[in-house]
Every structure is written in structure tokens, then in C-alpha cells.
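Have a look at the structure below before the remarks.
The values are calculated or read from the model by the stated rules, or taken from the named source; none is laboratory data. Predicted model only: the values in this text are computed from it and were never measured. Glycine gets a Cβ as well: all are built from the backbone with ideal geometry, and neighbour counts include every protein chain shown. Heads up: the accessible areas ignore ligands, DNA and RNA and are worked out on the full protein's heavy atoms, side chains in. Shrake-Rupley method; radii C 1.70, N 1.55, O 1.52, S 1.80 Å.
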Amino acid sequence: GDLAIRCHLRKFDEAKPVAQSLNQTLEFLDSTISRLNKVVRADSENSDQLLARLKEELSKFKTSSDQ
């Protein structure tokens, strides 16, 4: 659950492209979940606005439950 961790490989390691892709994905998830946490903290008193902002952020994801 620690999204701040990154994968670091040696300069000429064959898996370096995979590690870079994984790190980009982790950065995206980390920043998105950070934004969601900020929304919850900022809008915790207004549940309608909170729900709308959470739905807006979550709409950026496509998951297996969307099918």
C-alpha cells in the first residue's frame, strides 16, 4: 500500500523500461489518491459537494467493475 516506493534498476538492466512504466503508474496513483484525500479532508462537512468531487476524480479510472 506504500505508493511512495519506486523501482530502481541498474543503468543497462533489461527490465528498465518495465520499471519506468511501473514508476509512472505509481506516481499517477500516488498523486490521484493524494488529491482524493485532500478532497475528503477539505469537504468533509458538505457531503453533497464531497460526493460530487469524489465521483469526478474516480471517473478518471476504468476498472473491472465498470464492465
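At a glance:
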read-out: Accessible area per residue, Å², the chain with all protein chains present, probe 1.4 Å; value: 85 Å²
read-out: Whole-Å semi-axes of the ellipsoid equivalent to the chain (Cα gyration tensor, √5λ, descending); value: 32, 14, 7
read-out: Stretch gain in nm, segment residue 41-residue 14, where the contour uses 0.36 nm per residue and the Cα spacing is subtracted; value: 5.5 nm
read-out: Nearest-ten-degree value, helix 47-58 long axis tilted from longest Cα axis of the chain; value: 30 degrees
read-out: Förster radius 25 Å - calculated FRET efficiency between residue 26 and residue 49 (Cβ-Cβ, nearest 0.05); value: 0.30
read-out: Under the Karplus curve 6.51 cos²θ - 1.76 cosθ + 1.60, θ = phi - 60°, whole-Hz ³J(HN,Hα) for the stretch 15-30, x wherever Gly or Pro sits; value: 8, 4, x, 5, 4, 5, 5, 4, 5, 5, 5, 5, 4, 4, 5, 4
read-out: Ordering of 51-59, 3-11 by packing [mean C-beta count within 10 Å, highest first]; value: 51-59, 3-11
read-out: Around residue 66: net Lys/Arg minus Asp/Glu count, Cβ-Cβ under 14 Å; value: +3
read-out: Unit charges at the beta carbon, dipole of the chain: most positive-side option, 25, 15, 65; value: 15
read-out: Only Lys, Arg (+1) and Asp, Glu (-1) charged, at Cβ; the chain dipole about Cα centre in debye; value: 260 debye
